[in-house]
Structure formats: structure tokens, C-alpha cells
Amino acid sequence: MTIGIVVFPGSNCDRDVRWALEGCIDLPTRFLWHEERELSGLDAVVIPGGFSYGDYLRCGAIARFAPVLESVRFFAEAGGAVLGICNGFQVLTEMGLLPGALTRNARLNFICEPTPLRVNPGNCCWLKEYQESEAIVLPIAHGEGRYQCEEKQLAELEANGQIVMRYAINPNGSACDVAGLTNAGGNVLGLMPHPERACDPVTGGLDGLRLLASLRN
Amino acid sequence: MLDPAGEATRSAAARLGVEGVRSLRIGKAIEIELEAYDEITAQAQLQLLSDRLFANPVIENWSLELLEMVGEQLQ
């Protein structure tokens, strides 16, 4: 099993994800430079946090046109497991693989802190190791994490059980306390918190470990 | 759609002593020079760029203003 990690100019959590997957879970990884198109041999793809292409224009807006993401789109549409963390979540919404958009935090501040969350795994393949309504803590680190979506669509997401992770205390003004969303198929997960920073008690708890390890089981 | 940067700036306007600022929104302006066969083609291309790249229709509205035509129309 090998996990692909997308690397854009400006990604900065790509090595953290590699460290978590290889160092903590013993899963081999392969970096996917943004110009690459070849995903064969990969069992899942992670789009990590950072500032893809400087996040100019809008977070994730330019990344959306990266050659590697054309392949990731086919991969996701064929049922492949795709995880977008922080900037990766923003990229997934810009690509339209997940609905809505992530906008400036309500109080305009960059927030970097451990955040209590509630998990409702539904059919999401990345969250099958978590219990229904399980309380966990993961670090967040973002300036643009306020989830916005049309009300009708939000109601649909809610009804379909696609809001798989919510803030227990809403830090950024996200609609419906959304911290993480999955697609209808449950194979694509986007979330603002950083599970890769919570895979070792020394660096921020262990609550992210089961998410990244879910693919191994 | 809440515009937190606009709201923050509006409250600063009051602190500066300018009362009566009822609403203030902050967005972006994009100046673009485009070569195209004719104006209709140019409009279509700008429409595509605005919808698919410059703005995210989930959170942003846009309008287009033609400032100047340079050179001759080829039609």
C-alpha cells in the first residue's frame, strides 16, 4: 500500500503528512509534484496543508488547475480515497469535489490551537475507526476556515450525514460548525483540522492517528 | 454574505469620526488586457474567466466593465 502526497509550490504540511504516515503508521508514501499526472500504484491521495501557489486570488483557486489534480479528480470519481487537510480542503471545494467554500475567519484572525471536535463518521472511509459522536481534539491552524454553503445544500449535507466533523466550540464562524465534510460516496474527506499533527503524544495528542491509519485496516 | 474585512473597516471609519457609513464591502478589482477577434468573443472569454477562475460563485459576485477598445475590430 502506498499513499500519494500532493506537493504544490507553497505546500508546507507535505513532510508532516509523510512523517505521520511513514514514521507513526508505517505506511509508504510517494510525493506527487504538482505537474505530475501518474497516480498508478497509489491506494490513496492526501492533499496537504500550506499555501498552494501562494494562495493568490483565493485559497486553492490556482491549485485547482494543477495537472496533478486532473488525475486526482479521476481517481476520486472512480472511488479512490482522497483526503484534503486545511489548504487541501480548500482545494477540494474549489475543485467542486466537495460543495461550498472556505472563507476568512469571522474575527479575521489566524487561529492556531488544539480544538475540540465531534466526529460523526457516517460512511466516510477515513473515519471508520471513530465512534458515532466521538469527542476528539485536533490542532487547527488557519486564517480562512469559515465554511460557507447555500442553505439548501447545507441542509442536504446534514440530511445525508456528510458533515462528519464539527467544532464543539466554533472558532471561526463556520456554518453548522462544519470542520470536516465527506462526499456522497464517503471516499473524499476535507477537513480544516490537522490529523497529521496529532499522531504522537509529544506533538499534540493521538486523535489523528486512527484517521490516517484507517486505510491500513 | 458577511464580509468581516468590510465590517472591521466600517467600524474604523466611525472611530475616525466619519459617521453614517451604512455599509462598506471590500472586494477585489482585476484589470485585464485581452486580445480577441471581436467584442462578443472577448465578453465570452471574460465571462468564462470570471466564473471559473477570478471569482468563486459560491461566495463572490462579479460584474464586468469594458474600459477601452484598442485597435480595430477585425470583423
| Inside segment A:68-96, can you point out the residues that are surrounded by fewer than 21 Cβ atoms within 10 Å (Cβ to Cβ) and within 14 Å of chain B (Cβ to nearest Cβ)? | A:GLY96
| message | Checking the condition in contact with a helix residue (DSSP H, G or I) (Cβ under 7 Å, 6 or more places away or on another chain), of a type in the set (Val, Ile, Thr) and either free of Cβ contacts under 8 Å to residues at least 60 places away in the same chain or within 12 Å of chain A (Cβ to nearest Cβ) (or both), which residue from B:ILE40, B:ILE59, B:ILE30 passes? | response | B:ILE30
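Could you look through segment A:131-149, keep only residues that are open to solvent by 60 Å² or more (accessible area, probe 1.4 Å) and without any contact (Cβ under 8 Å) to a residue 24 or more places away in the chain, and pick out the one that is nearest to the other protein chains (Cβ to nearest Cβ)?
Taking segment A:131-149 and keeping what is open to solvent by 60 Å² or more (accessible area, probe 1.4 Å), we get A:131-132, A:135, A:137, A:144.
If we keep only those that are without any contact (Cβ under 8 Å) to a residue 24 or more places away in the chain as well, we get A:131-132.
Numbers: A:GLN131: 32, A:GLU132: 29 Å.
Among those residues, the one meeting the criterion is A:GLU132.
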| said: The conditions are (1) of a type in the set (A, V, I, L, M); (2) open to solvent by less than 40 Å² (accessible area, probe 1.4 Å); (3) modelled with pLDDT of 95 or more, and A:ALA168 fails exactly one of them. Which is it? | reply: (2)
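Can you name the residue in segment A:97-107 that is within 13 Å of A:ARG146 (Cβ to Cβ) and touching a residue at least 60 places away in the same chain (Cβ under 8 Å) and is also surrounded by the fewest Cβ atoms within 10 Å (Cβ to Cβ) among such residues? Lay out the reasoning, then the answer.
So in segment A:97-107, the residues within 13 Å of A:ARG146 (Cβ to Cβ) come out as A:100-107.
Keeping just the survivors that are touching a residue at least 60 places away in the same chain (Cβ under 8 Å) gives A:100, A:102, A:105-107.
Numbers: A:GLY100: 22, A:LEU102: 31, A:ASN105: 19, A:ALA106: 16, A:ARG107: 12.
Ranking the qualifying residues of segment A:97-107, first place goes to A:ARG107.
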| field | Pair list, Cβ < 9 Å and 6+ apart or interchain, from segment A:1-22 residues that are closer than 18 Å to A:ALA213 by Cβ to residues that are aromatic (Phe, Trp, Tyr) | value | A:GLY4/A:PHE31; A:GLY4/A:PHE75; A:ILE5/A:PHE31; A:ARG18/A:PHE31
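Which of the residues that make up segment A:19-65 are part of a helix (DSSP H, G or I) and open to solvent by 70 Å² or more (accessible area, probe 1.4 Å)?
Kept after step one, since they are part of a helix (DSSP H, G or I), are these residues of segment A:19-65: A:19-24, A:52-55, A:63-65.
Correct list: A:TRP19, A:GLU22, A:PHE65.
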| request: Select from segment B:58-75 the residues that are of a type outside the set (A, V, I, L, M, F, W, C) and modelled with pLDDT of 85 or more and write down the one among them that is nearest to the chain's Cα centre (by Cα). | output: B:SER63
| said: Of all residues being within 10 Å of another protein chain (Cβ to nearest Cβ) and in a loop (DSSP other than H, G, I, E, B) in segment B:1-25, which is least open to solvent (accessible area, probe 1.4 Å)? Just the residue, please. | reply: B:ASP3
| Here is a list of conditions, (1) of a type in the set (A, V, I, L, M, F, W, C); (2) closer than 17 Å to B:PRO57 by Cα; (3) in contact with a helix residue (DSSP H, G or I) (Cβ under 8 Å, 6 or more places away or on another chain), and A:LEU138 meets all of them except one; can you say which number that is? | (2)
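The values are calculated or read from the model by the stated rules, or taken from the named source; none is laboratory data. This is a predicted model, so every value here is computed, not measured. Don't worry about glycine lacking a Cβ; one is built from the backbone with ideal geometry, like all the others, and counts go over all protein chains shown. To get the accessible areas, we keep the full protein, side chains included, count just its heavy atoms, and leave off ligands, DNA and RNA. Shrake-Rupley method; radii C 1.70, N 1.55, O 1.52, S 1.80 Å.
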